[in-house]
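The values are calculated or read from the model by the stated rules, or taken from the named source; none is laboratory data. A quick note: this is a predicted structure, and the numbers were derived from the prediction, not measured. Neighbour counts run over all protein chains shown; Cβ positions are idealised from the backbone, glycine included.
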Amino acid sequence: MKRRVGVLLAGCGALDGTDPFETVFVFEAIEDLGHEAVPVVADLTQMHVVDHTSGDELMGQSRRLAQESARLAIGKVYFLKDLAPTLLDALVIPGGQGAVKNLLSNFGAPEPPRVPPEVGDFIRSLHAGGGAVGALSLGEFVLNALFEPDPERPGCLELESGAVWSDPDRRLALAPGHLIPSSLADLRRGVRALVALLLQMAEAARP
């Protein structure tokens, strides 16, 4: 049975948006495993804009997540607010600093980070309906903000390149992505392993 897997984008570019390498490998893995990738995005504005040649913030510039995220997708990017969570069997949250800058507030502050309602409500509804949710690299922090982490669970920085942590009972998975220095081949293998596990969990919950 062909499944629909959402890919939650948060801009374009590792320093202020979604990591392009992680994202392309997610799309490739979903398609290669015989399923449909659905790019999704929240109708939000980036926290800031970064010049990727220098790492410096471009003061006075503002960009919408949808406009930037569309650079990473072939075809339509769907707004979360226009999509029923039940249409998706799984969701992948790629990393890049946009995951914590644009999909979380208060990240790094003493108080717990918060996920915008548009994002949090969608992911919780998808998961409550039997969908599986996985994250790569900094996408881990979005996952943590929505689902209480198991104290025994390793973080991304504790996983080896290409390794994947999963909790089949809770339908959650995590892979280090670009947080662990590795070759593109290793990154690709790890992304594929994450996607394959999410699909297995989704199929078990929705035969």
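Under the condition of being under 11 Å from V38 (Cβ atoms) and among the charged types (D, E, K, R), which residue from segment 66-89 is nearest to the chain's Cα centre (by Cα)?
If we take residues in segment 66-89 being under 11 Å from V38 (Cβ atoms) and among the charged types (D, E, K, R), then D89 is nearest to the chain's Cα centre (by Cα).
What do you reckon, is E158 under 16 Å from A99 (Cα atoms) and of a type in the set (D, E)?
Here the answer is no, as E158 does not meet what is asked.
How about segment 91-142: which of its residues are small (G, A, S) and either touching a residue at least 60 places away in the same chain (Cβ under 8 Å) or under 13 Å from V7 (Cβ atoms) (or both)?
Across segment 91-142, the qualifying residues are G95, G96, G98, A99, G130, G131, A132, G134, A135, S137, G139.
Under 7 Å between Cβ atoms, at least 6 apart or on separate chains: pull out the pairs that start in segment 180-207 with a residue that is assigned to a helix (DSSP H, G or I) and end on any residue that is among the hydroxyl-bearing types (S, T, Y).
Hits for this filter: D186/S161; G190/S161; L197/S166.
May I ask you to say which residue of E148, E158 is surrounded by fewer than 22 Cβ atoms within 10 Å (Cβ to Cβ), without any contact (Cβ under 8 Å) to a residue 12 or more places away in the chain and either of a type in the set (K, R) or closer than 18 Å to I180 by Cβ (or both)?
Just a single option satisfies the conditions, and that option is E158.
Do we have L33 as of a type outside the set (K, R), under 21 Å from S62 (Cβ atoms) and either at pLDDT 90 or above or surrounded by 22 or more Cβ atoms within 10 Å (Cβ to Cβ) (or both) here?
For L33, the condition - of a type outside the set (K, R), under 21 Å from S62 (Cβ atoms) and either at pLDDT 90 or above or surrounded by 22 or more Cβ atoms within 10 Å (Cβ to Cβ) (or both) - is not met.
Assess whether A70 counts as being aliphatic (A, V, I, L, M), assigned to a helix (DSSP H, G or I) and more than 21 Å from L172 (Cα to Cα).
Answer is yes for this residue.
Answer yes or no as to whether L126 is in a helix (DSSP H, G or I) and under 19 Å from V38 (Cβ atoms).
yes
Do you know which residues across segment 57-78 are loosely packed, with under 15 Cβ neighbours inside 10 Å and within 26 Å of G129 (Cα to Cα)?
The answer is K76, and nothing else.
Condition check ((1) closer than 13 Å to L136 by Cβ; (2) assigned to a loop (DSSP other than H, G, I, E, B); (3) under 11 Å from the mean Cα position of the chain (by Cα); (4) among the β-branched types (V, I, T)) across all residues:
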position	(1), (2), (3), (4)
K2	no, yes, no, no
G6	no, no, yes, no
G11	no, yes, no, no
L15	no, yes, no, no
T18	yes, yes, yes, yes
F25	yes, no, no, no
G34	no, yes, no, no
V40	no, no, yes, yes
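Looking for something touching a Gly at 6+ places or on another chain (Cβ under 6 Å), surrounded by 24 or more Cβ atoms within 10 Å (Cβ to Cβ), at pLDDT 90 or above and assigned to a strand (DSSP E or B) - is there at least one such residue anywhere in segment 132-142?
Looking for residues that are touching a Gly at 6+ places or on another chain (Cβ under 6 Å), surrounded by 24 or more Cβ atoms within 10 Å (Cβ to Cβ), at pLDDT 90 or above and assigned to a strand (DSSP E or B), one finds at least one in segment 132-142, hence yes.
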